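Presented below is the structure to which this report refers.
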Amino acid sequence: MTETASTNDYPDLQLTFENGLSVLTLNRPKQLNALNEAILGQLDRALDEIEADAETRVLIVTGAGDRSFVAGADIAELRGLSKEQGKRASRRGQRLFARFEESRLLVIAAVNGFALGGGLELAMACDMRVLSNKAVVGLPEVSLGIIPGYGGTQRLTHLVGSGRALELIATGRKISADEALAIGLANRVVEPEKCLETCRELAAEILANAPLSVVAAKRAVRKACGDSLNGYYAEAREFAALCVTEDVEEGMGAFFERRKADFQGR
């Protein structure tokens, strides 16, 4: 049996419940499913509903359309933030994405296209990542004068190691699905039409096992990741400090004007 949550509650999301599995789809395909304040709030509320459903044990997160999982955050909402506003924005995103990590649910990201900036940060907050072979992922925030602020500096380091993480963050380079698989950022890479199907197959394997064992395994593995609260606070402080630099105004201005940024280091 499949049930669909009210679109009035989540106008930018689609949510279905399917015999122990929930599928949460970010549904702004014309905006490439980019994150904004409204959709972050909807994600928070949707997680409340999903976790309150006792039958749900596995959650798949994906994006609508065939071009993008989540293309990033809404740059217009990030532009012109004060230092305090930047810190609040970073901590809010960190707290929301931490909910995916800390949930009793096993969370699988079906990355069906672009996963950039906040989109990759969301995918990394999930327990597993299945990528379409057309997917492109990266953390290009330095090209805007900021850094990843929703936990990306920490999670990427945990997943691929400090050297590779810093290379990808400091260059802002976007990588293919195959490279993501090679460095441990993806669990599997499949044909685009098989992305969601593969996630459902993984979910079925998980659902066949003892519920308490699966939850205990997630807690134990997450403990081994060594997530440090101090690291997330440090990321938020650095993000906030960059929000009031001349370079961030130049970087975001260049983004909207579709030109190359001329950073001056101040």
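The values are calculated or read from the model by the stated rules, or taken from the named source; none is laboratory data. No experiment lies behind these values; they were computed from the predicted model shown. Here Cβ is always computed from backbone atoms with ideal geometry, including for glycine, and neighbour counts include all displayed protein chains. Just the protein is used for accessible areas: all its heavy atoms, side chains included, with ligands, DNA and RNA removed. Shrake-Rupley method; radii C 1.70, N 1.55, O 1.52, S 1.80 Å.
For every residue, the table says whether it meets (1) assigned to a helix (DSSP H, G or I); (2) under 30 Å from Glu201 (Cα atoms).
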| residue | (1), (2) |
| --- | --- |
| Leu59 | no, yes |
| Ala76 | yes, no |
| Leu81 | no, no |
| Leu96 | yes, yes |
| Arg99 | yes, yes |
### Query
Tally time: how many residues in the range 199-220 are of a type in the set (D, E, K, R) and surrounded by 15 or more Cβ atoms within 10 Å (Cβ to Cβ)?
2
## Note on the structure
Of (1) open to solvent by less than 90 Å² (accessible area, probe 1.4 Å); (2) in contact (Cβ under 8 Å) with a residue 12 or more places away in the chain, Ala224 fails just (2)
### Task
Any residue in the range 48-65 that's more than 20 Å from Leu116 (Cβ to Cβ): show its pairings with residues that are open to solvent by 60 Å² or more (accessible area, probe 1.4 Å) and at pLDDT below 95 at Cβ separation under 7 Å, as long as the two are six or more apart or on different chains.
Arg57/Pro211
### Message
Whether any residue in the range 73-95 is open to solvent by less than 20 Å² (accessible area, probe 1.4 Å), under 29 Å from Glu191 (Cβ atoms) and free of Cβ contacts under 8 Å to residues at least 60 places away in the same chain is what I want to check.
### Response
no
### Query
Pick from Leu196, Leu156: which is in contact with a Pro (Cβ under 8 Å, 6 or more places away or on another chain), buried (at least 16 other Cβ atoms within 10 Å of the Cβ) and modelled with pLDDT of 95 or more?
Leu156
